[in-house]
Amino acid sequence: MKRFTDLYWRLDATSSTNEKVDSLREYFAAARPEDAACAIRVLSGGRQLRAVSTTLLRQWAAEAAGIPLWLVEECYAHVGDLAETLALVLPHPGPDAATTGVGMGLAECMRTTIEDLRGASDQQKRLVVERVWQLLAPRERIVWHKLLTGGCRVGVSQTLVARALAEVAGVDPAVMAHRLMGTGVTDAESYAQAMSSEPTADDARRPYPFFLASAIECEPSDLGPTSDWIAEWKWDGMRAQLVRRGADATLWSRGEELVNGAFPEVIAAAAAIPDGTVLDGELLAVRGNKLLGFAAVSKRSGRRSVPRKLLEEVPCIFVAYDLLEDDGADIRGLPLVERRLRLESLVPLPCTAGAEPAASEAVGVPFETAASPQPRLLHSPCVVGNAWDALAAARATSRGRGVEGIMLKRRSSVYGVGRVRGDWWKWKIEPLEIDVVLLYAQAGHGRRAGLHSDYTLGVWHDGRLVPVAKAYSGLADAEIVELDRIVRATTLDKHGPVRVVQPTQVFQLAFEGISHSTRHKSGVAVRFPRIVRWRRDKTPSEAGTLADLVQLIDAGTIDASPQPEMTP
Amino acid sequence: MSDLLAVTDAGLYCSQGDFYIDPWRRVPRAIITHAHADHARSGCGRYLCASPGTLVLRSRVGSSAPIDSLRHGETLSINGVEVSLHPAGHVLGSAQVRLSHAGTTWVVTGDYKLEADPTCAPFEPVECDVFVTESTFGLPVYRWQDPAAVATEINDWWRANRDAGRTSVLLAYALGKAQRLAAAVDPSIGPIIGHGAVMKMVDAYRASGVRLPPIDRVPPRARKMGGGRALVIAPPSVAGSRWLGLFGETSVAMASGWMSLRGVRRRRGFDKGFVVSDHADFPGLLTAIAASRARRVLVTHGFTDTLTRLLQERGVDAAVLPTRFTGEAAPDAAVAERDDDTQDDTTDMSEEAPV
Ligand SMILES: [Zn+2]
Ligand SMILES: [Zn+2]
C-alpha cells in the first residue's frame, strides 16, 4: 500500500509525461503481480465500487476526531476534497503506523479493507475503517479513502500506463495498449500474460486502442489541397468499436466498457458482417431521419439491458467510419483511403440521417420506409467538396443536420494509438453564445480546491434571472482568484458550500447545442457550456434572455426530448 | 460596564485609555502587537511595542517615528488603563496586549503560535476575562507537525538538490519566517543566501541580539550565485520573477501553513511545499483559548464564524469581533499576481486577512 501511495503522490506531483512514465515503470518493475494488476485497474480509471458511503465516513471521522459533523462539512467546503479532508481531521496515527501500515500490499489492502466490506454491516465496516485509520499516515489515508469511496482518479492516461508496462515487459507499446483494452488485466495471472513477450491467446474479443483526433488549429486551407483529405461529418453520438470475431460480436465504448447490453439492435445487426472484422464508428440515436444527439444516446449507454419503451423512444444505429481489422488481419497500417474502400464494400449503406429529405432522395437511399426495417449498420459517407470553400459551406449546414461539424482525415493516414496530431482534425462548428449572469458559486476541487470556481449562470425571464447552465472552466487562474474574492464579498446567502451572490458579474457563455428539457427549471438544456470571456464591460441588465435561448432551439437545432414541452 | 475595546473606522480602540491596537489608519497613539505590515502602519503619532521588537518595528515605520517600548510583563498606565505586553511567539517582539481597567482584564493576542521558535520568546498564556484571539488557521484540517521534523524535511530537500547541482529556493515571509527557517536548517549542507528584503530583517534581528547562521547577501549586479549548492531564502513575490535567474537551475519550495492542502500546493505550482506557520494551528488556538481562562472569547480575522460556533457549542461565551474586514483568510490572498516588487516585501498577507 505504501508503494502505491508513493506512486500516487509522485504522479500527482509532476506534470511531465516522462517523469510520469518513469514513476510508473519503477512501480511496475518492483510490484508483485497481484498488486500490479490491482494498480492497473485503479490507474485505468475503470468503474470502482463504493464500499462505504461518504455519509457514514464523515460521521465516523467526526466522532474519531471529536468534532461535530458540521465542522467536518465546513472543512470539506474549504479543502474541496473529501478524502483529503477526512485524512487531515482524523487524529494522527499511532507510533506503530510506520511498521504495520507498510506490510500490506495494494491488492491485499483492497481485498481485506475494501472489497470484503461490501455486504458487511455498518458496524463491521466501522471497525475495519477505524483500524485502518490507526495504521495509515495522512498521505496514505487520502489514497485509501479514494479507493474506499470508489473515487480514485489519477492523472495518467491509459496510453502512459501502456507505455510504462511495455517498457517493463519489453514489448511494443501498441501491443501492450491492445492487451490492456477491455477486460484485459484483472489478477496476477492475467497480468503475467499481459507482461509476457509471447502473443496472448485471449485476443479474440479485444478492441484496438482508439485513435483520437485533435481540434484544428489553423485555417483548413493551410492543410494543403483538399485532395489530400477525406472529410466526414463529425457525428454527435458515442464513439465505439464493433468487434466481430469468432462466434460473437462485442461493442466497446471509448472508456473500454463493453456496451453490448445497451445496444442490442446493433449487436443483432453485426451478425451480417463477416468474422474477423473490427469497425470503428459512432453510436447514434436516430428517429425517422432525425439525429437525436449525444444526450439521447447517453440515455442508453449506461445500461446493462434496455427496456422496450426506451428501445422504441431512442433507437440507435452504428455508423462506421473506419475498418481496423479485415478478414482477421490488422489493417491499421494501411492508408485510410484503402481502409475506407474496404469498409464501404463491407458496410455498403451510407448514413444519410440528418440530411435534408431532398438530399437523401438524391443519394437514393431511403433511410427508413414502412416496407423495409431501419438499417442498423451503416457507413459514414464522405462529405464531398473539391475546394475548402465547398467544405466550409457543407460545414455551415452542420447544426441543422444535428452534427457537430466536419472531420478531416488525411487520405494516407494510418490508424494510430491515442492522440497523435497531424492526420486527424476536428473542424467543429463555432459554438453558440449568450451573455449570462453569475447567480451561485461553489468551491471547486483538485487544483481549484478552496476557490469558488463552479458557477451557476442565469439569463433574464419575466424580470427575474433564471439559472440555465453550470460551468466549471474557461477562466484563467488569476481570474478565478479574483472572482473568488468578488463571490465572498457579494454573498447574499449560503447553502452548505453553495453561495448565492448578488448578480453583478456577466460572462460570455459558449455551448455546443441547446434543447428543450423538462428536467431543467428553465425549460432548456445547453450542452458543454463553458465560460469564454468575463464581460466586465457589461452590467447584468445587458445579459441575454430565456427567449433568446428558445429562439436558438427554434432556429432548427437538435431536439433531445421525447416530449418537447416548455415549463412556462 | 462598557467594553474596554471597540471596533471603529480606524481600528480596535480603547476609549478609556484613548489608544488603538494595530490600527489600520493613522492615529495619535497606537499599541503594536508586531511589525507585520497589516498590523503596523506607518504615520501614527506615537507607537508602543514590546522592547525586543523595537528595531524590527523601527525598520517598518521609519527612523523618525516615536516608539516607546515595554519589557515583557512590565506595566504602563495609560489614562488609567493598565497596559502590559506578553510574548505571543509569532515573530521577534510579537506581543499579546493585556489591558486592565476597573477590575476587568482583556487580552488581544495579535498573531501567535505555540510551537518553539529559536528566534523569538515563546507564547505565554495570560489569564483574562475577555480574550481576543486570531483564527487564521481555525479549521481542524490545520495541524502542524513537530518543527524538528519539518526542518529535517527541508534539509533532505536541500541536500538532494545540492547533490543534483540545483539551487534550493525557499519562499518565506521576509519578517519572521525567513529568520526562523534560517535558524532551523543545517548550515553545513551549503551556503545560505538571503534576498534583500530578507536581509533587511536579518539585520534587525541580529541587531536585536538574535543569533543566526551566516547568510550571504546578493551583491548588486550579481551575474550568478550559489553554484547550485545554496539555499536561497526569499519572499514569495519572487516566484516566477527574473531574479531567480541568478541561480541557474532551481527547485522552488514554499513554506506556509496553507501548504497543508494539496489543492493549494498544486495551484501555486511550487516544486515543494513545507507546512510551516507562525500562526497557531487549530489545536493551538483551542489550547490558548482554554489557557486564558477567559469568560468571553472574541474571535477575529480568519475562520471567525466557524471557531465562534464551535466555542459556543462547547459552552463558551464567544462572538465574532466584527471588523470591517470579514473575508475569510483565503490561501490565495497573495496569489493574485503582485507586481514584480522583489525589493521590499515584508507583508505576511498570504497568511492572514488584513486587519
Ligand atoms: Zn503576523
Ligand atoms: Zn496578522
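The values are calculated or read from the model by the stated rules, or taken from the named source; none is laboratory data. Predicted model, so just to flag it, every value in this text is computed and none were measured. Positions of Cβ are backbone-derived with ideal geometry, glycine not excepted, and every protein chain shown enters the neighbour counts. Surface accessibility is based on the protein's heavy atoms, side chains included, excluding ligands, DNA and RNA. Shrake-Rupley method; radii C 1.70, N 1.55, O 1.52, S 1.80 Å.
Extension gain, B:Ala164 to B:Glu127: 0.36 nm times the residue separation minus the Cα-Cα distance gives 8.1 nm. Dipole of chain A computed with +1 at Lys/Arg Cβ and -1 at Asp/Glu Cβ about the Cα centre; of A:Tyr8, A:Ala192, A:His379, farthest Cα towards the positive end is A:Tyr8.
Per residue, the solvent-accessible area of the range A:432-554 (1.4 Å probe, heavy atoms of protein chains only, all protein chains present) comes to 44 Å².
Length gained on full extension, A:Ala396 to A:His495: 31.3 nm, using 0.36 nm per residue less the C-alpha separation. The accessible surface of chain B, taken with every protein chain in place and a 1.4 Å probe, is 48 percent carbon and sulfur. Projecting the Cα atoms of A:Gly422, A:Gly281, A:Pro540 onto the charge dipole of the protein assembly as shown, computed from C-beta unit charges around the Cα centre, puts A:Pro540 farthest toward the positive end.
Exposure check, 1.4 Å probe, all protein chains in place: A:Ile142 carries approximately 10 Å² of accessible surface. For the range A:228-382, a crude dipole built from +1 on the beta carbon of Lys and Arg and -1 on the beta carbon of Asp and Glu, taken about the Cα centre, is about 640 debye to the nearest 20. Our estimate of slack between A:Arg536 and A:Asp389, defined as 0.36 nm per intervening residue step minus the Cα-Cα distance, is 49.3 nm. Across the range A:2-148, Cα pairs under 8 Å and at least six residues apart give a relative contact order of 31 percent. Quick one: go through the range B:131-172 and flag any residue whose amide nitrogen is under 18 Å from the point 7 Å out along the Cα-to-Cβ line of B:Arg229. Under cut-off, by backbone N: B:155-169. Specify whether the C-alpha gyration tensor of chain B places it in the rounded, prolate or oblate class, a ≥ b ≥ c being the square roots of the eigenvalues: rounded for a/c under 1.5, otherwise prolate if a/b is larger than b/c and oblate if not. Verdict is prolate for chain B. Sparsely packed loop sites in the range A:277-306 (the trypsin sites (Lys or Arg not before Pro) outside DSSP H, G, I, E and B with at most 13 other Cβ atoms within 10 Å) comprise A:Arg303, A:Arg304.
Charging the Cβ of each Asp and Glu at -1 and of each Lys and Arg at +1, and nothing else, the dipole of the range A:110-160 about its Cα centre rounds to 100 debye. Just name one of A:Met104, A:Ala65, A:Ala37: the one whose Cα is farthest towards the positive end of the charge dipole of the range A:2-148 (beta-carbon charges, Lys/Arg +1, Asp/Glu -1). The residue sitting most towards the positive pole is A:Ala37. Just read off the accessible area of A:Thr149 with the full protein assembly in place, 1.4 Å probe, to the nearest 10 Å². For A:Thr149, solvent-accessible area is about 20 Å².
Hey, with R₀ at 45 Å, roughly what FRET efficiency would B:Val7 and A:Arg254 work out to, going by the Cβ-Cβ distance, to 0.05? That gives a FRET efficiency of 0.15. By its C-alpha gyration tensor, with a ≥ b ≥ c as the square roots of the eigenvalues, how is the range A:228-382 shaped: rounded for a/c under 1.5, else prolate for a/b larger than b/c, else oblate? It is oblate, given that a/c is not under 1.5 and a/b is not larger than b/c. For the Cα trace of the protein assembly as shown, dividing Rg by the Kirkwood Rh returns an Rg/Rh value of 1.03.
Could you compute the FRET efficiency for B:Glu249 and A:Glu26, with r as their C-beta to C-beta distance and R0 at 30 Å, rounded to 0.05? Approximately 0.85, to the nearest 0.05. From most to least packed by mean Cβ count within 10 Å, the peptides A:123-132, A:237-246, A:56-65 give A:237-246, A:56-65, A:123-132. What percent does the relative contact order of the range A:249-343 come to when contacts are Cα pairs within less than 8 Å and at least six residues apart? Reported relative contact order: 31 percent.
Note on A:Glu430 and A:Leu56: with the Förster distance fixed at 51 Å, the Cβ-Cβ geometry gives a FRET efficiency of about 0.60.
Using Cβ point charges alone (K and R +1, D and E -1), the dipole size of chain B about the Cα centre works out to roughly 900 debye. For the peptides A:459-468, B:234-243, the ranking by mean Cβ contacts within 10 Å, running from highest to lowest, is B:234-243, A:459-468. With a simple spin-label model that places each label point 7 Å from the Cα along the Cα-to-Cβ direction, the separation between A:Asp275 and B:Arg296 comes to 9.0 nm.
Annotation: for a label point projected 7 angstrom from Cα along Cα→Cβ of B:Arg26, residues of the range B:52-75 with backbone N closer than 19 Å are B:58-68. Modelled label positions at A:Arg153 and A:Arg485, each set 7 Å beyond Cα in the direction of Cβ, lie 2.9 nm from each other. In the range A:475-511, the residues that give up 30 Å² or more of accessible area when the other protein chains are added, compared with the chain on its own (1.4 Å probe), are A:Val481, A:Arg485, A:Arg488. Its DSSP H runs of at least 4 residues, each contributing -39,500 (n - 2.57), put the calculated 222 nm mean residue ellipticity of chain B at -6000 deg cm²/dmol, to the nearest 500. For peptide A:60-72, the mean count of partner chain Cβ atoms within 10 Å of a residue's Cβ comes to 2.
Can you show me the helix-derived [θ] at 222 nm for chain A, built from DSSP H runs with n ≥ 4 at -39,500 (n - 2.57) apiece and divided by the number of residues, rounded to the nearest 500. Mean residue ellipticity, 222 nm, calculated: -10500 deg cm²/dmol. Peptide B:136-142 has a mean of 6 when you count, residue by residue, the C-beta atoms of other protein chains within 10 Å of its C-beta. Does the range B:147-274 come out rounded, prolate or oblate, given a ≥ b ≥ c as the square roots of the eigenvalues of its C-alpha gyration tensor, rounded meaning a/c under 1.5 and, failing that, prolate meaning a/b above b/c? Rounded is the answer for the range B:147-274, as its axis ratio a/c remains below 1.5. For the Cα atoms of chain B, what angle does the longest principal axis make with the long axis of helix B:147-163, in degrees from 0 to 90, nearest 10? Tilt of helix B:147-163: around 20 degrees. For chain A, the relative contact order works out to 12 percent when only alpha carbon pairs closer than 8 Å and six or more residues apart are counted. Reported to the nearest whole Å, the Cα centre-to-centre distance from the range B:110-172 to the range B:1-62 is 25.
With the convex hull of its Cα atoms as the shape, the range A:432-554 has an orientation-averaged projected area of 7.4 nm². Beta-bridge orientation, chain A: approximately 90 percent antiparallel, per DSSP, counting only bridges with both partners inside.
Taking the Kirkwood radius as Rh and the Cα radius of gyration as Rg, the range B:146-189 has a ratio of Rg/Rh equal to 0.97.
Label positions at A:Arg131 and B:Asp68, each projected 7 Å from the Cα along the C-beta direction, are separated by 6.6 nm. Association of chains A and B removes close to 2500 square angstrom of accessible area from solvent, both sides included, for a probe radius of 1.4 Å.
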